[in-house]
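Report on the structure given below.
The values are calculated or read from the model by the stated rules, or taken from the named source; none is laboratory data. Keep in mind that this is a model prediction, so the values were computed, not measured. Glycine gets a Cβ as well: all are built from the backbone with ideal geometry, and neighbour counts include every protein chain shown. Note: areas computed on protein heavy atoms with side chains; ligands, DNA, RNA excluded. Shrake-Rupley method; radii C 1.70, N 1.55, O 1.52, S 1.80 Å.
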Amino acid sequence: MLTGKVIGIDVGGSHISAALVDTAHAGSKPTAANLIQINSHDSADIILAALTQSIQNIIADNQEIDAVGIAFPGPFDYENGISAVNNVGGKFEQTFGLHIRQAIKDSTGLHHLRFNFSNDAHCFAAGAYHLYKLKSQRTVFITLGTGFGSAFMLNGALITDHPDIPDSGAFYNQVFDSSIADDYFSTRWILNRYQQITGSSANSVKAIADNNSEASRRVMQELGTNLGKFLLPWLEKFNCDELVIGGNIAKALSLFISPLQQSLQHMSHKINIMKTEDTEDCIITGAAVLAGKASASNVNKEWRKSSQEILPVDLKTHPDPVYNIYPSFSSGEKVYKGFDTLAEAIATEKLVIIDGYGGLFWESFRELLHQSLLKRNKKVYWYNVNACLKPEDEIQQMIAGCLNGDDPVFGKRYSGSIEDFFDFKKLKLIQPDSSADICIIYGTGASLTGINGRLLYADVPKNEIQFRMRAGSIFNLGSQKAQENSQMYKRFYFVDWPVLNKLKARLFPKIDIIIDEQRKDEITWMMGDAFRNTLQQMLHQPFRARPWFEAGVWGGDWMKKHFPQLNQQEINYAWSFELITPENGIVIEGNQHLMEVSFDYLAYADNYKLLGKAAKRFGTEFPIRFDFLDTYNGGNLSVQCHPRPDYAKEHFGENFTQDETYYILDCEPDAVVYLGFQENIQPREFENILINAQEKGIDPDIEKYVQKLPAHKHDLFLIPNGTIHASGKNNLVLEISSTPYIFTFKMYDWMRPGLNGLPRPINIEHGMNNLYFDRKGNYVNEKLVAHPVVEKEWTGGRKIILPTHEEHFYRVDRYEFTGSVKISTNNQCHICMLVEGKKVTVSANNNSSVFHYAETFVIPAAVENYEIKNEDSGKVFVVVAQMKDEYC
């Protein structure tokens with residue numbers, strides 16, 4: 001039960017003041033006050049000891065405490081309790097990056113209490129409102145001292161984001177005269193101005209005020225006039241009814257109140273100006289009030305938004321022969337489970353670096369690992385590398401050219417590195433305190449500090465990143481707030497993921513422990529050498545990536561019916577990401593535990609073993625993708641095209657484009673594919689009907705312009721870049737394509753909204769810039785529909801070539817057989833799927849794996865030779881895609 005009793009603390013440059021505050025009764029003053037002198041240049045351990053003592057002094061006589069509120073100088077991550085103090089003359093710099101909240105909880109033993117951190121100005125506002133029982137509706141608070149503090153309240157509630165206040169939520173960085181407000185309304189301006197006028201220096205504002213000379217009065221009058229000029233437009237815009245002034249300079253308010261009022265006399269409404277006599281009491285009280293409110297409002301938030309289950313921790317028995325949505329690879333190496341085992345593995349280390357991918361729940365991860373380390377009686381200091389990030393607005397300016405404004409889909413790949421997001425000088429400020437048993441530097445980019453320690457790396461699958469994004473529980477790299485989903489994903493795809501992948505590749509050979517963080521409360525992990533050994537085994541054997549599934553406005557029910565592990569309550573399944581390597585993971589099984597990491601680790605391990613001849617051209621980019629498009633009992637895909645290669649490079653920074661094929665795995669008798677133009681197509685007329693559909697809601701007869709071809713099981717339709725196309729209803733399409741997958745220019749979407757009820761993005765201009773209007777008439781059947789060629793026959797089987805278009809850099813073959821077939825990779829990676837029959841066994845290098853109907857599997861180039869054995873009573877069909885030799 002909450003008592004309303006909260007400890008309030010004000011951490012200053014020379015002392016720490018603490019008191020007990022009754023937050024339940026407005027107007028009640030702080031009690032049990034104590035003051036401890038400090039040297040703000042001391043070590044983190046000494047400063048923490050003083051802070052601990054100030055709390056214990058009060059706790060000794062007051063056991064029923066709800067929370068502890070601390071006003072700490074900035075810069076500071078107030079939400080998480082992490083110091084980012086720098087560039088203030090060395091004050092508190094020894095605490096830079098330190099997780100002070102955790103350290104104080106440990107040193108006081110008060111792990112059950114909420115420790116809330118706030119800035120001085122917010123504490124001053126909350127405290128003044130409480131102590132003086134203010135009733136004003138729109139209140140502005142300012143503190144005048146070493147810096148220019150400010151806060152805003154609307155009906156007694158602090159606000160930091162409102163159209164009538166600065167974007168930063170504060171005044172200090174707003175432009176005034178030739179600089180910013182903080183340079184004019186602070187101690188240093190008064191001292192500098194006094195010296196300019198008199199030619200002599202003063203030790204303090206108090207000395208100037210007490211002087212009462214003509215020069216001192218002139219300085220204070222200029223202060224009041226300037227302050228009024230600065231505040232006037234903001235107070236007017238906010239419709240402020242009360243201005244509350246505090247801080248050390250406010251003690252001399254009588255010397256500048258008159259010019260301040262004169263500057264504000266032109267306001268359209270009357271405003272009350274109030275001076276507080278006890279700024280420190282206000283700050284202490286406010287720190288307590290804000291901590292009490294934070295405790296009362298501390299609720300669990302949704303952390304992922306998806307109907308799909310998360311990857312199980314432990315291997316489950318899979319029914320045979322059915323498609324498995326959780327395929328795994330067993331190497332014989334050990335996979336560990338839980339934070340306790342990880343804590344045991346690092347308990348004897350002095351320095352630990354925990355780097356990882358973007359989108360992790362770093363604070364949850366840290367808390368759970370910390371609890372496990374505490375069980376081993378370890379004193380642990382945590383340092384968050386986020387303190388070293390450049391300011392968010394600077395990062396936004398740096399990457400703006402890659403985001404294409406507010407376009408909901410398309411940007412351009414950022415070519416820089418993760419170092420661009422960090423301040424090199426700040427990275428050097430993280431200095432682990434030797435008094436701790438273990439110092440842990442953590443966060444995305446932690447390895448950039450250059451501190452030598454045991455290196456851990458935490459990974460999270462791309463689908464889980466997106467589920468977290470949709471729940472609003474994660475942010476982009478260097479951002480402090482969630483954006484609209486499409487903007488966040490665009491930023492992930494074009495900026496965050498490219499730089500994070502580069503870092504991951506660089507760290508890969510150095511990783512001591514690899515961690516799968518996706519389950520949030522239950523990690524799995526491997527030793528680095530065991531992980532790398534497993535990848536080497538995978539590069540010599542057949543394996544599957546873990547697929548993931550998405551609903552869509554045109555989605556169907558074929559996958560629901562054929563993949564029983566899927567959540568049957570989902571509205572539909574439009575896509576299966578079978579093998580889209582930028583977003584798929586691979587699952588490693590060890591002693592019945594499952595750990596997932598991103599597919600690209602295989603390329604980082606040895607891209608030549610994975611890709612063979614293609615590695616020279618593609619590096620660590622995997623060139624081919626497989627995915628399902630399910631329109632069974634669903635709808636038509638949008639009428640669309642994909643960019644030409646030069647366009648993809650120039651506009652999106654992609655190294656190759658999105659050349660596709662539709663392999664019809666299954667279909668109903670009425671199934672069709674829209675492909676290529678009618679013979680009499682007129683580009684201008686086609687563009688006009690698309691624009692009229694988009695802007696005026698005039699539904700066109702699309703078949704007048706685009707051909708509609710009947711679809712049959714095992715047909716292959718060819719969709720090179722710039723080709724108009726769409727799958728019709730009642731198809732299960734295996735999309736075999738080059739890897740790029742988001743560059744779809746939807747030009748007509750059947751006049752329907754998306755699943756969220758909003759219009760889906762239409763890209764007529766992009767489409768018109770890329771369409772080939774000569775792919776029309778007879779060309780479509782001759783060049784855009786594969787005409788199978790039997791290359792080889794044997795008893796019980798044959799190999800069929802399904803010729804692809806000259807623009808396609810990959811080929812597609814189909815093996816049809818009853819017994820078995822031996823295939824050589826010829827130093828190419830093969831991507832395969834069983835498209836007819838129940839199951840097959842694939843053997844290579846004295847190892848064998850079973851694959852079921854509709855499962856995608858990969859044969860690395862290093863395999864050299866493999867055998868596929870039919871485990872069904874009838875004939876099986878296996879589709880194999882690989883690079884054309886001439887394109888490698």
P(r) histogram, all alpha-carbon pairs of region 395-473 included - 5 Å bins from 0, percent: 3, 10, 15, 15, 21, 15, 11, 6, 3, 1, 0
Residue-normalised accessible area of the chain, expressed per residue, 1.4 Å probe, Å²: 40 Å²
Theoretical FRET efficiency, 1/(1+(r/R0)^6), r = Cβ-Cβ of Q694 and V88, R0 35 Å, to 0.05: 0.05
Average Cα contact separation per residue, region 174-217, under 8 Å, 6 or more apart, as relative contact order %: 25 percent
Along each principal axis, Cα extent of region 239-395, largest first, Å: 85, 41, 35
Computed lengthening from Y887 to T160, 0.36 nm per intervening residue step minus Cα-Cα distance: 256.2 nm
Apportionment of accessible area to carbon and sulfur, the chain, percent (1.4 Å): 46 percent
Protection proxy ranking of 550-557, 309-316, 165-172 - average other beta-carbon atoms within 10 Å, highest first: 550-557, 165-172, 309-316
222 nm mean residue ellipticity, helices alone, for the chain (DSSP H n ≥ 4; -39,500 (n - 2.57); rounded to 500): -8000 deg cm²/dmol
Computed Kirkwood radius, in angstrom, where 1/r is averaged over Cα pairs of region 371-506: 16.5 Å
Whole-Hz ³J(HN,Hα) from phi, Karplus 6.51 cos²θ - 1.76 cosθ + 1.60, for region 157-166, glycine and proline x: 10, 5, 10, 10, 9, 7, x, 9, 10, x
Spatial separation of Cα centroids for region 437-464 and region 222-265, in angstrom: 48 Å
Computed accessible area, S178, all protein chains, 1.4 angstrom probe, square angstrom: 100 Å²
Label-point gap, in nm, between D210 and K275 - each point 7 angstrom along Cα→Cβ: 1.7 nm
Given K316/K337; K838/K869; K504/K884; K708/K776; K490/K884; K337/K481, the pairs whose alpha carbons are separated by over 21 Å: K504/K884; K490/K884; K337/K481
Convex hull (Cα only) mean projected area of region 751-885, reported in nm² to one decimal: 12.3 nm²
Relative packing of peptides 412-422, 452-462, 872-882 - highest average C-beta neighbours within 10 Å first: 452-462, 872-882, 412-422
Euclidean distance between Cα centres, region 755-776 to region 488-547, Å: 35 Å
Cα→Cβ-extended label distance, 7 Å offset, between D61 and S168, nm: 4.2 nm
Mean-position separation - Cα centroids, region 50-128 and region 371-404, in angstrom: 19 Å
Region 1-66: Rg to Rh, with Rh as the Kirkwood radius over Cα pairs: 1.02
Shape of region 825-888, Cα gyration tensor, a/c cut at 1.5: oblate
Tensor-based shape of the chain (alpha-carbon gyration tensor, a/c under 1.5 rounded, otherwise prolate or oblate): prolate
Taking only Cα atoms of region 160-306, radius of gyration then Dmax in Å: 18.8, 70
Within straight-line cross-link reach of K334, aspartates and glutamates at Cα separation under 16 Å, skipping those fewer than 8 residues along the same chain: D314, E344, D512, D516, D529, E589, E596
Computed magnitude of the charge dipole of the chain (debye, nearest 20; Cβ of K, R +1, Cβ of D, E -1): 720 debye
Gain upon complete extension [N80, E522; 0.36 nm per residue less C-alpha separation]: 157.0 nm
